[in-house]
Amino acid sequence: MTPEEHRAQVEDTARQQRISRNEARPRSHAGAILLGLLLCFALGLAAMVLALRSAGTSGFAGRFVSSLLGRSTDFNTSAPVVIEQIQKLNRLETVSYSVDTVVEGRHSSPILPDALAGDKLLLIVHGQVFAGVDLGKLRPESVRVQGTSVSVDLPPSQVFSTRIDESKSRVFARETGLLVPTDPNLETDTRRTAEGQVLQSAQADGILDTARSNARSSIESLLRGLGFTQVTVR
């Protein structure tokens with residue numbers, strides 16, 4: 001191959017490489033432009049969804065957002081449904097009150113001194129009081145539903161039970177007169193008196209107010225779980 005032919009071949013090869021680079025460059029720009037358009041579309045769509053969500057979920061906007069996010073904004077919870085769900089809780093026990101106290105029991109003679117005819121004991125008791133709201137007493141007119149708003153007037157709170165924990169109660173001291181036998185009913189009567197004192201103590205400490213407050217919190221959580229956004233429980 002002559003020098004002239006070799007030089008011509010080199011120039012031809014270089015020209016073909018320049019042509020290849022020029023043909024590849026437009027395709028690279030086209031890919032970048034397409035990627036940029038897709039990114040702009042995705043960002044625009046996200047911004048539009050956020051704007052529609054902040055504007056609310058009702059009407060066409062709400063339905064559009066729902067279709068995009070794959071969820072329904074329909075809400076159809078009526079008062080009978082609310083009453084049914086609340087009454088399933090039945091006797092809603094919302095507070096347990098415990099107290100330790102000392103109670104005196106005494107049987108005395110109207111004539112003779114206690115040293116001869118009396119019977120006395122000191123009983124250390126652990127009492128418990130349980131209170132709450134009987135939701136079975138909820139009246140239909142006490143529940144009002146309007147759209148996603150609901151208001152409920154609860155029945156009064158009440159004491160469900162009072163009991164003495166026998167495993168934590170004991171006779172601390174007992175004195176019986178010289179002329180009388182030990183009265184087997186005195187301890188039973190004293191425990192009955194203790195129940196009354198435990199109940200009075202619980203009521204004085206506001207157990208009914210606490211029971212109502214706890215019941216309101218429980219019902220509010222239930223109603224919000226049903227989908228209500230504005231909840232009033234009294």
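The values are calculated or read from the model by the stated rules, or taken from the named source; none is laboratory data. Everything quoted here is computed from the prediction, not taken from an experiment. Cβ placement follows ideal geometry from the backbone for every residue including glycine, while neighbour counts extend to all protein chains displayed.
Filtered by the rule that a residue be aliphatic (A, V, I, L, M) and free of Cβ contacts under 8 Å to residues at least 60 places away in the same chain, the range 158-179 gives Val159, Ile164, Val171, Ala173.
Where in the range 112-196 are there strands (runs of 3 or more DSSP E), lying fully within it, with 1 or more residues that are closer than 27 Å to Val233 by Cβ and touching a Lys or Arg at 6+ places or on another chain (Cβ under 8 Å)?
Here the list reads 119-134, 149-152, 157-164.
A search for C-beta distances below 9 Å between a residue of the range 180-199 that is in the same structural domain as His126 (by TED's automatic domain parsing) and any residue that is assigned to a loop (DSSP other than H, G, I, E, B), counting only pairs 6+ apart in sequence or on different chains, returns Val180/Ser109; Val180/Leu112; Val180/Gly118; Asp189/Asp183; Arg191/Ser169; Ala194/Ser169. Among the candidates Val159, Val152, Val198, single out the residue that is over 25 Å from Ser98 (Cα atoms) and either surrounded by 13 or more Cβ atoms within 10 Å (Cβ to Cβ) or among the acidic types (Asp, Glu) (or both). Only one candidate qualifies: Val152.
Of the residues making up the range 74-111, just one is part of a strand (DSSP E or B), modelled with pLDDT under 90 and of a type in the set (D, E, K, R), namely Arg106. Hey, among the residues in the range 146-156 that are more than 19 Å from the chain's Cα centre (by Cα) and at pLDDT 95 or above, which one's nearest to Gln203 (Cα to Cα)? Here the answer is Pro156.
Looking at the range 42-52, can you tell me whether even one residue there is over 42 Å from the mean Cα position of the chain (by Cα), part of a helix (DSSP H, G or I), small (Gly, Ala, Ser) and modelled with pLDDT of 60 or more?
no
Quick one: Leu122 ticks every box in (1) closer than 25 Å to Asn185 by Cα; (2) surrounded by fewer than 17 Cβ atoms within 10 Å (Cβ to Cβ); (3) modelled with pLDDT of 95 or more bar one, so which box is it? It is condition (3) that Leu122 fails.
Out of all the residues in the range 206-229, which are among the charged types (D, E, K, R) and modelled with pLDDT of 95 or more? Those that are among the charged types (D, E, K, R) and modelled with pLDDT of 95 or more: Asp209, Arg212, Arg216, Glu220.
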